[in-house]
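What follows is one structure encoded as structure tokens, with my remarks underneath.
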Amino acid sequence: MVEVIKARSVSRGAAGRLYLLIGAGGIRLAGNLREWPGEIGPGAAGGTFSYPTSAHGSPSRFAAGVTQRLPGELRLLVARDLEEQRRLAARVMWLFIGGFGALGLAGIGAGIVAGRLTLSRLAQVTRTSDGIMRGDFSGRIPLTGLED
């Protein structure tokens, strides 16, 4: 088991894959994680956790994994780094916010233009009506060619 974990930890396709095999007393036997994550308790079936990317402990990355108890008091953690998914989710969120904002601004702009056109037309009708009410029956409401 130790040799398999060592091979998988350094294999070409291991990017983003995390392994940790510990023995009795919590002794690290193999894997590319230095220690068992504190977020995953001894009896837990798995979960999400952060892990350091350098010997100094920072910056840390986010991962999700499952655990398995093995014969001989061995515990295995197999996990996947989630940073790419988190970055993608952040980009999608900002695209959504930007798209929603642009759509909102376009809606406001269209509302302003439509409102001004309508008010302009109503102002023409009001001016003509006022003239007729003062006795000037020669006034006509200008036609726009839209059969209005």
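The values are calculated or read from the model by the stated rules, or taken from the named source; none is laboratory data. The model shown is predicted, which means the values in this text are computed figures rather than measured ones. Note: ideal-geometry Cβ built from the backbone for every residue, glycine included; neighbour counts use all protein chains shown. Just the protein is used for accessible areas: all its heavy atoms, side chains included, with ligands, DNA and RNA removed. Shrake-Rupley method; radii C 1.70, N 1.55, O 1.52, S 1.80 Å.
Observations
- Residue satisfying all of: in segment 57-111; in contact (Cβ under 8 Å) with a residue 60 or more places away in the chain and not in a helix (DSSP H, G or I); farthest from P37 (Cα to Cα) among these: L70
- For segment 112-137, a residue qualifies if it is open to solvent by less than 90 Å² (accessible area, probe 1.4 Å) and not in a helix (DSSP H, G or I), and the qualifying residues are G135, D136.
- Restricting segment 18-31 to residues that are out of contact with any strand residue (DSSP E or B) (no Cβ under 6 Å at 6 or more places or on another chain) and either within 13 Å of A79 (Cα to Cα) or not hydrophobic (A, V, I, L, M, F, W, C) (or both), the residue that is least open to solvent (accessible area, probe 1.4 Å) is G26.
- Residue that is nearest to E3 (Cα to Cα) [pool: residues in segment 29-78 that are in contact with a helix residue (DSSP H, G or I) (Cβ under 8 Å, 6 or more places away or on another chain) and of a type in the set (F, W, Y)]: W36
- In segment 16-45, the residues that are without any contact (Cβ under 8 Å) to a residue 24 or more places away in the chain and aliphatic (A, V, I, L, M): I27, A44, A45
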